[in-house]
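The values are calculated or read from the model by the stated rules, or taken from the named source; none is laboratory data. Since this is a predicted model, take the numbers as computed values, not measurements. Glycine gets a Cβ as well: all are built from the backbone with ideal geometry, and neighbour counts include every protein chain shown. Please note that ligands, DNA and RNA were not included when accessible areas were found on the heavy atoms of the full protein model with its side chains. Shrake-Rupley method; radii C 1.70, N 1.55, O 1.52, S 1.80 Å.
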Amino acid sequence: MSRPKLFSTHVLFDEPRRRLAEHFDVEYWNGNERPPRAEVLKRVAGKDALICLLTEKIDRELLDAAGPNLRIAANVAVGYDNIDVPACTERKVAATNTPGVLDETTADFTWTLLMAVARRLIEADRLARSGAWRQWNLDQLCGTDIWGKTLGIIGFGRIGRAVARRAAGFRMRVIYNSTTRAPQEIERELNAEFMERDRVLAEADFVSLHVPLRENTRGLIGPAELSKMKRTAFLINTTRGPVVQEAALVAALEQGTIAGAALDVFEREPLISDGLRRDNVVLAPHLGSASIETRTRMAMIAVENAVALFSGKQPPTILNPEVLREK
Ligand code: DGY
């Protein structure tokens, strides 16, 4: 019996590759660079399943190119702003993501960035390795304290809460805003206080963003929001770049409206505005979930979603379960 055909836009890792080989005839994109759009459109044609990264747009054009056999687009990411889910639903294509396995790793990285920008780690490393460090000095590369400060979290889902949990060790006050308030036992456990977004912006020493990218969060942090922050405060973004209006952030940094920023994500990745290349900004190329354990788990979830669908089961993390009911 012929096996379903799957195209994966990345080579993945050994364990998910072994699992895929048990069930599918798999074609991988092997290039070091992400596949050009034309290549994705060509290779997805006639496939039954697709495993994709957040860099691939799963839209009507791609679904047309795939043709009627396609039954699943399995994203190796929790964020799925790259997938037109309604368009998938119309074509009865299951869309899946990878929730629940990257929260702690992304929270670790949020703290990595927060600490790096507060204690000027990147500047320090640059000085130390340049050979230009001559002597210990009382006022050299002084940063700002983290312990005892106020951490403001915008978006209090799994990742926002994992970030909050880590604040206890720094004896920080935690304040947050979210579309829905967390249950009281969570607030108590994390010692987190709910408040209006503007108050979070105004009172926090570190504002960390954890909302997903949706139409109502695109450009959420613009000139008005930045102007509400303390001049001594830092903005940390590990969610999606377009949540912040990058030009407004550059202007705020230039004008000293805020003290600095630590950014893992950007409005037009992989482009980074020149105005962000400053000493008081720490930059990372979208690495929040990038530990080998977590990235392997993410790939495995995508694979298990595809395997489940072709075994007649509901993919565990399906975004549009209605496609199964309608089939
Ligand atoms: C996601 O999963 O959405 C991240 O941005 C990459 O891990």
Normalised per residue, the volume inside the convex hull of the alpha-carbon atoms of the stretch 159-209 in Å³ amounts to 74 Å³
Given 10 °C, 1.306 mPa s and a Kirkwood radius over Cα pairs, the Stokes-Einstein diffusion coefficient of the stretch 1-60 in µm²/s is 132 µm²/s
Over its alpha-carbon atoms, the stretch 251-327 yields an Rg and a Dmax in Å of 20.0, 58
Per residue, the convex hull enclosing the Cα atoms of the stretch 205-284 spans a volume in Å³ of 78 Å³
Packing-ranked peptide list from 209-218, 31-40, highest mean Cβ count within 10 angstrom first, is 209-218, 31-40
Number of Lys pairs in the chain closer than 19 Å at Cα, excluding neighbours under 8 places apart unless interchain, is 14
The long-range amide H neighbours of Ala95, using H built 1.01 Å from N in the peptide plane and a cut-off of under 5 Å, are Ala73, Leu319, Asn320
log10 I(q)/I(0) for the stretch 95-138, Debye formula on C-alpha points only (no solvent), q = 0.14, 0.20, 0.32 Å⁻¹, two decimals, reads -0.53, -0.74, -1.05
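Per residue and in cubic angstrom, what volume does the convex hull of the Cα atoms of the stretch 81-208 have? Please list the in-between numbers first.
Numbers: hull volume 20.9 nm³, N = 128.
So the per-residue Cα hull volume is 163 Å³.
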The stretch 103-283 accessible area per residue, 1.4 Å probe, protein heavy atoms, integer Å², reads 51 Å²
Under the 7 Å Cα-to-Cβ spin-label approximation, Glu61 and Ser291 lie apart by a distance in nanometres of 3.8 nm
Excluding ligands, DNA and RNA, the carbon-plus-sulfur percentage of the accessible area of the stretch 2-137 with a 1.4 Å probe reads 52 percent
Among beta bridges assigned by DSSP with both residues in the chain, the antiparallel ones amount in percent, to the nearest 5, to 5 percent
With Rh as the Kirkwood radius over Cα pairs, the stretch 1-133 has Rg/Rh of 1.14
Rounded to the nearest 10, the angle in degrees between the Cα long axis of helix 14-23 and the longest principal axis of the Cα atoms of the chain comes to 20 degrees
Dividing the surface of the Cα convex hull of the stretch 103-283 by four yields a projected area in nm² of 10.8 nm²
Over all directions, the chain yields a Cα convex hull whose mean projected area in nm² is 19.0 nm²
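With a 10 Å radius around each residue's Cβ, average the other Cβ atoms per peptide and rank 52-61, 222-231, highest first.
In descending order of packing, they fall as 52-61, 222-231.
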Under the 7 Å Cα-to-Cβ spin-label approximation, Val11 and Glu254 lie apart by a distance in nanometres of 4.3 nm
Relative to the chain, whose Cα atoms define the longest principal axis, helix 103-118 and its Cα axis are tilted in degrees, nearest 10, by 30 degrees
Length gained, Leu127-Asp25, 0.36 nm per residue minus C-alpha separation, equals 31.6 nm
